[in-house]
Each structure stands twice: as structure tokens, then as C-alpha cells.
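Every number in this text was worked out from the coordinates using simple rules, so none of it is lab data. Since the model is a prediction, treat every value here as computed from it, not as a measurement. Please note: Cβ atoms are built from the backbone with ideal geometry, for glycine as well, and neighbour counts cover all protein chains shown.
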Amino acid sequence: MKPTGLFLGRFQPFHIGQLMVVQGMTKMCGRIVIGIGSAEQKKTDENPFSAAERKEMIQRALQDVDIIPMFDVEFVELPDCPADEAWTNMVLERVGSIDKVWTGNEHTKKCFEGKIEVQWIKEVPGFSGTEIRQLMKKGGYWEEKVPEEIASFIKQTGRY
């Protein structure tokens, strides 16, 4: 049986680099859990989209490339915690049985090392949520950095 993988991120917004990670996970995992971090955060410069909006965006992108419904994909909202160990334990409790964590965040990597196998994700140059949000705010060309379904969804929200 193929393992279960957890992909953690804020996904503000979910971009092509992150889509590439999920596509890679489908080759190694039988089940994929997408942990939407900072779930309680919304309508700020750093976290403009709610957890529900982020889930909707990711679902649309994964449906567009036939990952959903072909693969078992589950979403879990994960709020922030003040202490790393409390956050790590909360994540593991909420996501259930997993075999490996995928992350490109050094802090997240440190939280899980020694507890579960960590798959390090190298940042794809040009695909950073921070950079995309800055482009959105300045009226730059951000649409090519996110899946088409997500660009459409974001435009429908009227925020950018």
C-alpha cells in the first residue's frame, strides 16, 4: 500500500510550484492530506484569503489537472499555536496517520524532524506566495504564477 503524505502550507495563494509538489506526491502517495496552515488568518496583507477560500482554490486547481477525483485528497485546517511542540502535536492529531511530511519551510521542517520523515521541497524560482501577493498588490503580472482556475477564482473575489 502506498504511503500517506502531508503537504503543509499557507497557500496564500496556491501557486504553480505547489501544484507541481502535489503532482509529484501522486506518484509516491496513495493518500494526500493538504494541511492549510494559519487557518484562522484572513484579510491581512500576509494572509488575504480565508481557509475556506484557499481550500476552494486548491480543489479547483486539482480538479483541473484530474488529481481530484482520481486520488484520495483530504484537507485539514490548521490554526497557528504559540508553541512549536503544541502546534506539531496538534497537526499530527488532526491529520491522523501519515508517513511523510512535505514542506519547503525550514521552521516546519524542524518541528517534524525526529517525529516523522520530512521531504524537503526546494522553492521553484519565481513561485513564491510572498512575491505573488506583492505583484497582486502592485497590479503586476501574477496570473501566470498560479493555475488558471485560481486566477479566475481570485478575480471573482474582487480583491485583486
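Under a plain spin-label model, where a point goes 7 Å from the Cα along Cα-to-Cβ, how far apart in nm are residue 148 and residue 2?
The modelled label-to-label distance comes out at 2.5 nm.
Which ordering of 40, 131 is given by a fewest-first count of other beta-carbon atoms within 10 Å?
40, 131
Once every DSSP H run of n ≥ 4 in the chain is given -39500 (n - 2.57) and the sum is divided by its residues, what mean residue ellipticity at 222 nm do you get, rounded to the nearest 500 deg cm²/dmol?
Helices in the chain give a 222 nm mean residue ellipticity of -12500 deg cm²/dmol.
For region 1-66, which trypsin sites (Lys or Arg not before Pro) are both in a DSSP coil and crowded by at most 15 other Cβ atoms within 10 Å?
42, 43
Report, in listed order, any pair from 43/137; 43/138; 109/138; 122/145; 109/137 with a Cα-Cα distance greater than 23 Å.
Pairs exceeding the cut-off: 109/138; 109/137.
Once the piece of chain linking residue 94 and residue 66 is laid out straight, how much longer is it, given 0.36 nm per residue of separation minus the C-alpha distance between them?
Numbers: separation 28, 0.36 × 28 = 10.08 nm, distance 2.61 nm.
That works out to 7.5 nm of additional length.
Each label point is 7 Å from the Cα along the Cα-to-Cβ direction; what then is the distance between the points at residue 159 and residue 46, in nm?
A separation of 1.5 nm, rounded to one decimal place.
Which whole-number percent gives the relative contact order of region 4-157, counting Cα pairs below 8 Å spaced six or more residues apart? The partial results should precede the final answer.
Numbers: 224 pairs, mean separation 48.2, N = 154.
Relative contact order here is 31 percent.
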